[in-house]
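One structure below.
The values are calculated or read from the model by the stated rules, or taken from the named source; none is laboratory data. Keep in mind that this is a model prediction, so the values were computed, not measured. In this analysis, Cβ positions are derived from the backbone assuming ideal geometry, glycine residues included, and neighbour counts consider all displayed protein chains. Accessible surface is based on the protein model in full, side chains and every heavy atom, while ligands, DNA and RNA are left aside. Shrake-Rupley method; radii C 1.70, N 1.55, O 1.52, S 1.80 Å.
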Amino acid sequence: IYNARQKTYESFLCEKEYTAIDPEWTMLARSRIVKCPPQSMIVIGGGPSGLVTVVHCTESVLVSGGVMKLYEARDAFAKGGSTFERAQIVRLDPRWIAMLRYHLGTGFEDVYIPASGETDSQLGNTLPTQGFVEITIKDLENMLHVEVSKMWSKGLIQVHTDSRSKYDSVTNSLTKMGEHLKLEDGILRRVDENGKSVIEYHSWKVVDLIYRQPLSVDDLQIGMEYGVYVRLENAVLPYKLTGIDLETETYSFKALQEGKETIKANASNIPSVYPKGTTKHAEVSKVIVESVKKGVEGGYVRHELMMKVIKKEKFTMDIGHTHVVECIGKPYGSNVHFSVTTYEPYGVCCIQGLKISMGMHNFGEKRWGSGIVDDIRSHTDQNTRIIGDFTKMVRQAPVCSKMLDYMCDKKDKNW
C-alpha cells in the first residue's frame with residue numbers, strides 16, 4: 001500500500017473484508033494498493049547493450065507502473081545529433097537480430113534490408129551461411145539511438161547524460177560523487193527527516209542547484225587574481241586585473257599562464273569573471289537537498305550542501321524499488337550479482353570470419369576526417385578503422401595465432 005506522506009510502499013496484509021463502517025475504510029479507499037511495488041529500472045551505459053536493454057524492457061517497466069531511466073556518460077542525447085564514432089565491427093547473433101527487427105521495425109529494414117534492385121544491405125554485412133550479421137558499432141548505436149530518442153520525446157523514459165553513476169561492488173549500491181549530483185537525484189544520508197544526525201540512512205532528494213554567479217564590474221579590484229571565462233577555450237583560466245581605464249571603461253587582465261594573451265574589454269562586453277579558484281563556467285556552488293519524509297513540524301526539511309565540501313564525497317543513490325543494469329563494457333566482480341559477459345581478449349571478429357570481415361572496413365570512420373593530408377600513417381590507403389584506432393590493414397595470421405593461444409590455455413579462466 002502506498003504511503004503518500006512518506007512516499008513509500010509498505011507491506012499490507014488484508015485479513016478481513018472491510019466495509020464502510022470500518023475505521024480503515026476511508027484510508028484504504030484513498031490509497032493506491034498494488035500486489036507488488038512498481039518495478040523501475042536504471043540502465044547504466046548508452047552503448048549498444050544499454051540502448052537495446054532500454055528498448056526491450058521499457059514496456060514491462062511501464063506496465064508495472066515503474067520508471068525507466070538511462071544513465072549515459074556521453075553527451076549524445078544532450079546534442080542535436082549523436083556523437084557515436086566507434087567504427088569497430090561487431091557480429092550479431094540471431095537473438096540480437098530478432099530483437100532489433102521486432103522493436104525497430106522500419107528502422108531495422110533501412111539498415112539491414114537491401115533496397116529494391118540491390119543484393120546487399122546499405123550498412124550491414126549479412127553472412128547467411130555463417131548465421132551472423134556484421135555492422136560497425138557506430139551504425140548499430142545510431143539506429144538504436146533514434147528509437148530511444150523517440151521514446152524519450154514521448155515521455156516514456158528518462159535520459160540523464162553525464163550521469164557518472166557507478167556500481168560499488170563492495171557496498172552493493174549505486175554511488176555518485178557530489179560534483180555529479182543532478183536535480184531529482186535521490187540520495188541516502190545519515191540525517192533523519194528532522195535534520196538530526198542518526199546512524200541509519202534516510203531518503204533525501206536534490207531539489208535545487210545554486211550556480212556560481214560571475215562578479216559584477218563594481219566588485220573588481222586592481223591587483224586581485226580572478227578566474228576569467230575564455231569562450232574560445234571553453235575554460236576558466238587564472239588572470240590578474242592589472243588596470244582600469246576610467247575614461248573608456250576598459251579593463252585589462254594579464255594571463256597567469258604562459259602562452260595566454262592579455263584580455264582587454266570594456267564594461268559592456270567583459271567576459272564572465274569569477275573569484276579566484278573557480279574552475280568551471282557557471283559551476284554549481286550549492287546543492288539543495290530536501291527530506292522525502294515530513295518532519296515533526298509538518299514541513300520538509302531542506303539543507304544547503306556546499307559544493308567545495310561535497311565535491312569529492314561519495315553519495316549512495318536512493319533507487320528504491322529499482323533494478324540496476326550495468327551495460328558499460330567490462331563487468332565488475334560481484335558476489336551478489338550475476339554477469340552476462342566475461343573478460344575476453346580484445347577483438348572484433350571470430351577466427352573463421354576474420355578474412356570476410358576485412359570487407360567491412362569500408363564502413364569505418366576516417367581517423368583524421370576528410371580533406372586532411374597530415375595522416376602520418378598513410379596517404380594512399382583507406383585510413384578507416386577496423387580495430388580500435390588502427391588505420392591500416394589487420395595482420396590476420398598473428399591475430400588468429402594469438403587468439404588460438406588464448407583459447408587453448410586451460411589456465412585462463414576466461415576461456
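Each residue in region 293-330 was checked for being β-branched (Val, Ile, Thr), assigned to a loop (DSSP other than H, G, I, E, B) and either modelled with pLDDT under 85 or within 17 Å of the chain's Cα centre (by Cα) (or both), and 2 pass. Residue count for region 189-223 under the criterion of being of a type in the set (A, V, I, L, M, F, W, C), open to solvent by 60 Å² or more (accessible area, probe 1.4 Å) and in contact with a Leu (Cβ under 6 Å, 6 or more places away or on another chain): the result is 1. Open to solvent by 50 Å² or more (accessible area, probe 1.4 Å), in a loop (DSSP other than H, G, I, E, B) and at pLDDT 90 or above: does that describe Gly155? Yes. With the requirement that a residue be touching a strand residue (DSSP E or B) at 6+ places or on another chain (Cβ under 8 Å) and not in a loop (DSSP other than H, G, I, E, B), what does region 21-48 give you? The answer is Ser40, Met41, Ile42, Val43, Ile44, Pro48.
Screening Val90, Val148 for residues that are at pLDDT 65 or above, farther than 14 Å from Leu51 by Cα and not in a loop (DSSP other than H, G, I, E, B) leaves exactly one candidate, Val90. Of the residues making up region 242-262, just one is in contact (Cβ under 8 Å) with a residue 24 or more places away in the chain, under 16 Å from Thr278 (Cβ atoms) and among the aliphatic types (A, V, I, L, M), namely Leu256. Applying the criterion of being assigned to a strand (DSSP E or B) and over 30 Å from the mean Cα position of the chain (by Cα) to the residues of region 189-237, the residue that is farthest from Leu305 (Cα to Cα) is Glu225. Residues in region 36-52 that are open to solvent by 30 Å² or more (accessible area, probe 1.4 Å) and out of contact with any Gly (no Cβ under 7 Å at 6 or more places or on another chain): Cys36, Pro37, Ser49.
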